[in-house]
Amino acid sequence: MKTVKLFCAVTLLMGVTAAVLGQQPAEDEQQQPTRDQIRTAVQGICPVTGRKLGTHGDVVKVKIGEEEIFLCCKGCTSGKIAKEHWATIHANFAKAQGICPVMKKALPTSAKWTIVKGQIVYVCCPPCIKKIEADPDTYLQKVDELYRASLSAAQKSQ
């Protein structure tokens, strides 16, 4: 529920920001949040504090290893990642993705994964990683669609 509220707030914020700037947001911007906004909603919490993203300050995008992730505020950039929050974040991404973007099969409990352009992508088996590496943009778009569907389903179940 918290993730869905963040998603709705981000979508609303896009329209408000455009209005403040005297611009009319494009129709697809009103309906389609950016990849970072979607990932922020799916991630849900800060890996340092465990707080809900967006409730403590402006969300900050950082790179940890090859992975891009979000912190709840600039102050957390000097903090230490908590293992339990890191595990929760990855569980959130895996749950929201739900299926392998290549084979369209449910992810196994011990799903394999790869980092593609900073984003973690879960797969059902190692050969799918090679397919994703061959066409990363297509598969990242599929993962975004899975995230959107998950967020939408969560919103409808409230």
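Could you tell me whether the range 127-141 includes any residue that is touching a residue at least 60 places away in the same chain (Cβ under 8 Å) and of a type in the set (A, V, I, L, M)? Break it down into steps so the answer makes sense when it comes.
Our first condition is that a residue be touching a residue at least 60 places away in the same chain (Cβ under 8 Å); within the range 127-141, this holds for 140.
Add one more test, that the residue is of a type in the set (A, V, I, L, M), and what stays is 140.
Within the range 127-141 (the criterion being touching a residue at least 60 places away in the same chain (Cβ under 8 Å) and of a type in the set (A, V, I, L, M)), the answer is yes, since at least one residue qualifies.
All told, residue 77 falls short of being part of a loop (DSSP other than H, G, I, E, B) and of a type in the set (Ser, Thr, Tyr). In the set (1) out of contact with any Lys or Arg (no Cβ under 9 Å at 6 or more places or on another chain); (2) over 17 Å from residue 142 (Cβ atoms); (3) hydroxyl-bearing (Ser, Thr, Tyr); (4) surrounded by 16 or more Cβ atoms within 10 Å (Cβ to Cβ), the condition left unmet by residue 40 is number (1). In the range 69-86 there is at least one residue that is under 18 Å from residue 36 (Cβ atoms) and surrounded by fewer than 18 Cβ atoms within 10 Å (Cβ to Cβ). State yes or no: is residue 96 under 27 Å from residue 56 (Cα atoms), surrounded by fewer than 17 Cβ atoms within 10 Å (Cβ to Cβ) and of a type outside the set (Lys, Arg)? The answer is no for residue 96.
When residues of the range 99-148 are filtered for being under 15 Å from residue 39 (Cβ atoms) and among the small types (Gly, Ala, Ser), how many remain? Selection size over the range 99-148: 1.
Note on the range 1-72: enclosed helices (runs of 4 or more DSSP H) holding 3 or more residues that are at pLDDT 70 or above and touching a Phe, Trp or Tyr at 6+ places or on another chain (Cβ under 7 Å) are 35-43.
Sub-7 Å Cβ pairs linking a first residue in the range 85-101 that is assigned to a strand (DSSP E or B) to a second residue that is buried (at least 17 other Cβ atoms within 10 Å of the Cβ), at least 6 apart or interchain, are 99/107; 99/146, ordered by first then second residue.
The values are calculated or read from the model by the stated rules, or taken from the named source; none is laboratory data. Everything numeric here is computed off the predicted structure, so don't read it as measured data. Glycine also receives a Cβ, built like all others from the backbone with ideal geometry; neighbour counts cover every protein chain displayed.
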